[in-house]
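Note sheet for the following structure.
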Amino acid sequence: MSVTSLAEIGALLGAELIGADARVSGVAALEDAGPSDLTLCFDWRRIPDLEKTRAAGVILPRRATGLHRAAPCAALLVEEPRLALARVLRHFHPEPVEAGCVREGARVEAGASVGARTIVATGAVIESGAGVGDDCRIGPNAVVASGCTLGNRVILGPGAVIGSCGFGFVPRRAGVVKIPQVGRVAIEDDVEIGANTTVDRATLGETRIGRGTKIDNLVQVGHNVSIGENVLIAAQVGLSGSVKIEDGAILGGQVGVADHVVIGAGAQVGAKSGVGTHVPPGARVAGYPAVEVKHWLENAFLWRRMRKLLKRLGGEGSRP
Amino acid sequence: MSVTSLAEIGALLGAELIGADARVSGVAALEDAGPSDLTLCFDWRRIPDLEKTRAAGVILPRRATGLHRAAPCAALLVEEPRLALARVLRHFHPEPVEAGCVREGARVEAGASVGARTIVATGAVIESGAGVGDDCRIGPNAVVASGCTLGNRVILGPGAVIGSCGFGFVPRRAGVVKIPQVGRVAIEDDVEIGANTTVDRATLGETRIGRGTKIDNLVQVGHNVSIGENVLIAAQVGLSGSVKIEDGAILGGQVGVADHVVIGAGAQVGAKSGVGTHVPPGARVAGYPAVEVKHWLENAFLWRRMRKLLKRLGGEGSRP
Amino acid sequence: MSVTSLAEIGALLGAELIGADARVSGVAALEDAGPSDLTLCFDWRRIPDLEKTRAAGVILPRRATGLHRAAPCAALLVEEPRLALARVLRHFHPEPVEAGCVREGARVEAGASVGARTIVATGAVIESGAGVGDDCRIGPNAVVASGCTLGNRVILGPGAVIGSCGFGFVPRRAGVVKIPQVGRVAIEDDVEIGANTTVDRATLGETRIGRGTKIDNLVQVGHNVSIGENVLIAAQVGLSGSVKIEDGAILGGQVGVADHVVIGAGAQVGAKSGVGTHVPPGARVAGYPAVEVKHWLENAFLWRRMRKLLKRLGGEGSRP
C-alpha cells in the first residue's frame with residue numbers, strides 16, 4: 001500500500017487543495033473512510049454523509065461551489081470528478097504485475113495461440129485456430145471459439161463467449177434450414193467485454209469490435225456486426241445482425257437495435273430504446289421506436305396535455 | 001419415496017379434506033397423475049383436465065367454491081394454493097442430504113474459504129480471497145471472484161458470476177479511461193441467484209444482496225447496487241449502478257432501473273418497465289417511463305378514446 | 001476445399017446463370033471476394049460494392065430485376081436468396097465429420113448417457129441422470145442438469161444451461177418460501193440453443209422444446225414452458241412460466257411473454273414487444289402491450305396527428 005500526501009494527489013489530478021495537507025494510504029467511500037483515507041463526494045444529496053466523514057481528505061467537483069464548506073476535512077477540487085476517481089483509484093490500486101499464465105483448469109487447444117503475459121483463467125477455453133494477443137485477461141469460463149482473434153490488452157469477463165454461431169435460419173414449410181455460420185470475430189486492442197456477454201461469428205467475413213470499445217455484461221452482439229472505436233455499450237443491449245455502431249457512440253442498458261441499422265459516430269441512445277432506423281452522427285435518441293430525445297420529452301408533455309383534454313371532455317370523449 | 005394419507009397431508013397444509021381418504025406416494029400434474037398421486041388445480045380454465053385426472057386427490061383453492069365438484073377424486077381445500085404446493089412438493093421431495101464437497105473439475109483457489117456441507121459443482125471457480133459460507137450450493141461453472149463473500153445456504157445457479165467488474169468508464173477525446181473496480185460483493189444468508197446472472201463488484205465499498213432475496217436467471221446487478229431482504233427479481237432484469245432496492249420489493253421480468261434510483265420497500269414493478277425515478281414504498285408501477293399502475297391502465301383507456309376521437313375527426317384531424 | 005463450376009452451383013440452387021461459366025472454390029462477402037470466389041448481393045444499397053467486386057460470380061435475387069447489370073461478373077438469379085446462401089455455404093463448408101467424443105475437461109457424470117457421435121466440448125457438464133441423444137454438439141461450458149433429456153442432432157451453444165431451477169417463490173411475512181422445482185426439461189430432435197441461454201426445469205412435469213426449434217443467445221425459457229416445432233426465438237427473449245409457443249411461431253429479439261400466455265401457430269411477434277394476452281395463430285403483433293401490427297402502425301400515425309392537433313391548440317390545450 002502506497003502512502004501519499006494530499007498535495008501529491010492534487011498535483012496528480014490537477015486539483016486545488018483547500019485545507020491542510022495530510023497523508024493518506026487509500027480511498028474509501030464517504031461512510032467507510034477512516035482517518036488515513038481519501039474519499040469523494042460528487043453529489044449534493046450526499047452532504048449528510050460528507051459532514052460525518054472521518055476521511056483525511058475529500059475529492060469534490062469544482063463546479064459544486066461551496067460544497068467543500070460541508071467537508072470536515074481537506075478538499076481537492078477537480079474539474080472532472082469521474083476522471084479524478086479513475087486516476088486516484090489507479091494510483092492506490094495499480095494494475096497487478098502478473099506473469100502471464102494458463103491457469104490450472106484452463107484449456108488452450110492445439111493450434112490456438114496465446115500472446116505474452118496473457119492470463120487465461122480457470123475454466124476458460126481457447127479453441128483450436130483462435131488467437132489471443134499480448135497482455136490479455138481471459139476470465140474464468142470464458143470461451144474464444146475457433147477462428148476468432150483478440151488483439152492486445154483485451155479483457156474478457158467471466159463466462160463471455162466470443163464466436164458463438166450467428167442466428168441464421170430460413171423458415172420453410174418442411175422445417176427450418178440453417179445458414180452455416182462460417183465467418184469469424186475480430187476484436188481489436190484494448191477492448192473490454194463483460195461477463196456472460198455473447199459475440200456471434202459472422203455468417204461470412206467478420207464481426208468486428210474496434211479498438212478501445214467497452215461492452216458490459218449480458219450483451220448480445222449479432223453476426224456481422226461492426227462496432228467502431230471507443231464505443232460504450234451498457235448491459236443487456238442486443239445488436240441484431242449486420243448492425244454498425246460508429247466510433248464513440250454510447251448505448252444505454254437494454255437497448256435493442258434492428259438488423260442493418262447504423263448508429264452514427266458519437267450518437268447516444270437512451271436506455272431501453274428500440275432502434276429501427278439509422279441514427280445520425282451525434283444524435284441523441286430515446287424511446288421505442290427511438291426518436292430524438294427532445295421529441296421524446298415533448299411527446300411525454302403532449303401526452304399529459306392530451307390526458308387533461310380527454311378528461312375535460314369526460315363522457316363526451318367518444319362523441320365530440 | 002414416502003407414502004402418506006391425504007388426511008395427513010391435509011393436516012400438514014391446514015386443508016379441509018372433501019371425499020374419501022386415500023394413500024398417495026407423489027405429486028404430479030393433472031394430466032400426468034396416476035392413481036397413487038396427489039395433483040393440484042388452481043385455475044377454472046383447467047376444469048377439463050381436472051375432470052379427467054386419474055389422481056387419488058387434488059389440492060384446490062378454497063376460494064374457487066365448487067371447483068371440487070368437477071374433481072373425480074378427493075379434494076383438499078387450501079387458503080394459499082402456492083404455499084400448499086411448496087409444502088407438499090417439499091414433503092415428497094425433501095432436500096437431499098449430501099455431504100458437502102468440491103466436485104471433480106471444480107476449483108477452489110488457494111486463499112479461498114468454503115464452509116461446511118457446501119457443494120461446489122463441476123467447473124465452478126471460487127477465486128482466491130473469496131469466502132463461501134455453510135450449506136451453500138455453487139452450481140456448475142458458476143464463478144465467485146476474489147474478495148466476494150457468500151453467507152450460509154446461498155444457492156448459485158449454473159454459470160452465475162459474482163464479482164464481475166462494474167462498468168465504469170470515462171469517455172475522453174483521447175480514448176476511454178477505465179475506473180478501476182476495487183470493491184466487493186457481499187451476499188447474505190438464504191439468497192438464491194439464477195443461472196448466468198451477473199453481479200458486479202462495487203467500484204469502492206460493496207454491492208450487497210440482502211438475506212432471503214431471490215434473483216432469477218440472466219439478471220444484471222450493477223456495481224454498488226444495494227438489495228434489501230426478501231426481494232424477488234425476475235429474469236433479465238437490469239439494475240444500473242448504485243440502485244437501491246428495499247426489503248420485500250418485487251420486480252417483474254426484463255425491468256430496467258436507472259442508476260441511483262431507489263425502489264421502496266414492498267413496491268412492485270411490472271414486467272418490462274423502465275424505472276428512471278424513485279418508486280415510493282408499497283407503490284405499484286408499470287410502463288416506460290414507469291408510472292403508477294392505475295395511471296398506466298388509465299393511459300391505455302385514454303389512448304383508445306383518443307383513437308376514436310381522431311377517427312371521427314377523420315381527414316379533418318390535421319385542421320380542426 | 002471443393003472446386004465447382006457456376007453452372008453446377010446453378011443446378012444445385014435451381015438458379016439461372018447469366019454470363020460466362022467459371023470455376024469457384026469458395027464463398028466470400030462482396031468486398032472480400034477474390035477471382036476464385038462466389039459472392040452474393042441481396043440489397044440495392046450494396047450496388048457500389050457489387051460494381052467493385054472481384055468475384056467470379058454473384059448470387060442475386062431474381063426479383064431485383066436488372067441488378068445483374070451492375071455486376072462485373074457472372075450472375076446466378078435465385079428465387080429465395082437466403083435459402084441459396086444456406087445451400088451454397090453448406091456446399092463449400094460441409095458439416096465436419098468428427099468422431100463423437102467427450103473432450104478433455106468435459107464431465108459426463110456417472111448415470112448420465114451420451115449418444116453416438118455426440119461431441120461434449122471442454123468444460124461442458126452432463127449431470128447424473130441426464131440423457132443426450134446421438135449426433136449432438138454440446139458447446140464449451142454448457143450444462144445439462146440432472147433429469148433433462150436431449151434428442152438427436154441437438155446443438156447447445158457455449159455456456160447454455162438446460163435444467164436450471166424455475167423461479168417459484170411465495171413471498172410471506174416471515175420470508176420467502178421456495179417452491180421446489182422437481183420437474184425436468186425435454187428437448188426434441190434438431191433443436192439448436194444459443195450461447196448462455198437458460199432453460200428452466202418444470203416445477204412438476206416438463207419444460208418442452210419441440211423438434212426443429214431454434215433459440216438464439218441469452219434467452220430465458222421459464223419453468224413449464226411448452227415450445228412447439230420449428231419455432232424461431234431471437235436473442236434475449238424472456239418466456240415466463242407456463243408460456244406456450246405453438247408450431248412455427250417467430251419471436252423477435254428482447255420480446256417478453258407473460259406467464260400462461262399462448263402464442264398461436266405461425267404467429268409473429270415484433271422485436272421488444274411485451275405480450276400479456278394470447279396471440280391468435282397467424283397473427284402479427286408488436287408493441288407493449290402487443291397489438292396487431294396494423295394497429296401498432298396506425299397508433300404511430302394517430303399519435304403524429306394528435307401532436308399536430310395539440311400544437312395547433314397551442315396554449316389553449318388545457319382549456320379547449
- Using a cut-off of 14 Å between alpha-carbon atoms, which aspartates and glutamates can reach C:LYS311, once sequence neighbours fewer than 8 places away in the same chain are excluded? A:GLU298
- Query: Just A:THR213, A:THR118, A:THR39 to compare: in a GNM of chain A, with alpha carbon springs under 10 Å, which one fluctuates most?
  - Reply: A:THR39
- Query: Copy-to-copy spacing for C:ASP134, label 7 Å out on the Cα-to-C-beta vector, in nm, shortest first?
  - Reply: 5.2, 5.2
- Sum of side-chain charges, B:LEU302 neighbourhood, beta-carbon under 9 Å (Lys, Arg +1; Asp, Glu -1): +3
- Under Karplus coefficients 6.51, -1.76 and 1.60, residue-wise ³J(HN,Hα) of the range B:269-277 in Hz, glycine/proline x: 10, x, 3, 6, 6, x, 9, x, 9
- Just name one of A:VAL132, C:ALA71, C:VAL291: the one whose Cα is farthest towards the positive end of the charge dipole of the protein assembly as shown (beta-carbon charges, Lys/Arg +1, Asp/Glu -1). C:VAL291
- Per residue, the convex hull volume that the Cα atoms of the range A:4-92 enclose (Å³): 74 Å³
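What is the local net charge at A:VAL154, summed over the other residues whose Cβ is closer than 9 Å to its Cβ (Lys, Arg +1; Asp, Glu -1)?
Neighbourhood net charge equals -3.
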- Message: Can you list the copy-to-copy distances for C:ARG304, using a point 7 angstrom from Cα toward Cβ, in nanometres, shortest first?
- Response: 2.6, 2.6
- Between C:LYS294 and B:ARG307, with labels modelled 7 Å along Cα→Cβ, what's the label distance in nm to one decimal, could you check? 1.2 nm
- Message: Take A:ALA110 and A:VAL97, extend 7 Å from each Cα along the Cα→Cβ direction, and tell me the distance between the two endpoints in nm.
- Response: 3.7 nm
- Query: Taking the alpha-carbon centroid of each part, what is the distance from the range B:274-311 to the range C:171-199 in angstrom?
  - Reply: 31 Å
- Item | Note, ³J(HN,Hα) from phi for the range C:241-255, Karplus 6.51, -1.76, 1.60, rounded to Hz, x at Gly and Pro | x, 6, 5, 10, 10, 7, 3, x, 5, 10, 10, x, x, 6, 5
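How much of the DSSP bridge set in the protein assembly as shown is antiparallel, in percent, rounded to the nearest 5?
Of those bridges, close to 15 percent are antiparallel.
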- Message: Per residue of the range A:217-232, what does 6.51 cos²θ - 1.76 cosθ + 1.60 with θ = phi - 60° give for ³J(HN,Hα)? Whole Hz please, x for Gly and Pro, Karplus curve as stated.
- Response: 6, 6, 8, 10, 10, x, 5, 6, 5, 10, 10, x, 8, 6, 8, 10
- With a ≥ b ≥ c the root eigenvalues of the C-alpha gyration tensor of the range A:59-177, is it rounded (a/c under 1.5), prolate (a/b larger than b/c) or oblate? oblate
- For the range C:179-231, state what percent of all Cα-Cα pairs lands in each successive 5 Å bin, counting from 0 Å until the bin that includes the largest distance. 6, 23, 27, 28, 11, 4, 1
- Would you please calculate the Kirkwood hydrodynamic radius of the range C:44-110 over all C-alpha pairs and express it in Å, rounded to one decimal? 15.0 Å
- Task: Sum -39500 (n - 2.57) across every DSSP H segment of at least 4 residues in chain C, then divide by the residue count to get the 222 nm mean residue ellipticity, nearest 500.
- Result: -4500 deg cm²/dmol
- Note on the structure: Shape call for the range C:139-200, from the Cα gyration tensor axes a ≥ b ≥ c (a/c under 1.5 means rounded, otherwise prolate when a/b beats b/c, else oblate), comes out prolate
- Over 28 Å between alpha carbons, listed pairs A:LYS272/B:LYS308; C:LYS272/C:LYS294; A:LYS52/A:LYS214; A:LYS308/C:LYS272: A:LYS272/B:LYS308; A:LYS52/A:LYS214; A:LYS308/C:LYS272
- Note on the structure: A:GLU51 neighbourhood, Cβ < 13 Å, K/R = +1, D/E = -1, net charge +3
- Report relative contact order for the range A:4-92 in percent, whole number only (criteria: Cα-Cα under 8 Å, sequence separation at least 6). 29 percent
- Note on the structure: Across all Cα atoms of chain A, Rg and the largest Cα-Cα distance (Dmax), in Å, are 24.9, 79
- Message: For the range B:73-151 and the range A:40-54, what is the centre-to-centre distance using only Cα atoms, to the nearest Å?
- Response: 39 Å
- Message: Can you bin every Cα-Cα distance in the range A:101-292 into 5 Å intervals starting at zero and give me the percent of pairs per bin, rounded to whole numbers?
- Response: 2, 9, 16, 21, 18, 14, 10, 6, 3, 1, 0
- So for the pair C:ALA7, A:ARG173, with labels modelled 7 Å out along Cα→Cβ, what separation do we get in nm? 3.2 nm
- Message: Connecting C-alpha atoms closer than 10 Å in a GNM of chain A, tell me which of A:GLU229, A:GLU188, A:GLU95 has the biggest fluctuation.
- Response: A:GLU95
- May I ask you to derive the relative contact order of chain A, considering only C-alpha pairs under 8 Å and at least 6 residues apart, and to give it as an integer percent? 7 percent
- Based on the Kirkwood radius over alpha-carbon pairs, what value in µm²/s does the Stokes-Einstein equation return for the translational diffusion coefficient of the protein assembly as shown at 37 °C and 0.692 mPa s? 110 µm²/s
- Put a point 7 Å out from Cα along the line to Cβ at C:VAL3; what are the distances to that point in the other copies, in nm, shortest first? 7.7, 7.7
- Message: I want to verify a result. In a Gaussian network model of chain C, Cα cutoff 10 Å, which of these has the top mean-square fluctuation: C:ASN299, C:ASN217, C:ASN230?
- Response: C:ASN299
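Every read-out reported here was derived from the displayed coordinates using simple, explicitly stated rules and does not represent laboratory data. This one's a predicted model, so the numbers in the text were calculated from it and none came from an experiment. We place every Cβ from the backbone using ideal geometry, glycine too, and count neighbours over all the protein chains shown.
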